[in-house]
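Any read-out appearing in this document is the output of simple, stated calculations on the displayed coordinates, not a laboratory observation. Everything quoted here is computed from the prediction, not taken from an experiment. Glycine gets a Cβ as well: all are built from the backbone with ideal geometry, and neighbour counts include every protein chain shown.
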Amino acid sequence: MKSSTSDKIKGAANEVIGKAKQGIGSATGDQSLRAKGAAQEVKGAAQKARGAVKDAVKNTVDKA
């Protein structure tokens with residue numbers, strides 16, 4: 001599996017898990033869990049962005 005694809009998959013998983021943690025934290029009043037979920041969601045978004053950048057660089061290099 002390409003590194004960029006791996007980053008995108010891991011990023012999507014972290015976003016989903018982060019959103020779930022935020023929802024559970026909100027439902028139970030656990031602010032710590034909610035904050036951890038928000039941080040994990042941001043981490044996931046960054047991983048997905050890193051994967052997209054790797055793809056863009058590879059495409060640019062391939063065209064050169």
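If only residues of the stretch 14-64 that are within 17 Å of the chain's Cα centre (by Cα) and among the basic types (Lys, Arg) are counted, the one that is nearest to residue 4 (Cα to Cα) is 54. Could you say whether any residue in the stretch 8-26 is surrounded by 13 or more Cβ atoms within 10 Å (Cβ to Cβ), assigned to a helix (DSSP H, G or I) and of a type in the set (Ser, Thr, Tyr)? So far as the stretch 8-26 goes, yes, one or more of its residues are surrounded by 13 or more Cβ atoms within 10 Å (Cβ to Cβ), assigned to a helix (DSSP H, G or I) and of a type in the set (Ser, Thr, Tyr).
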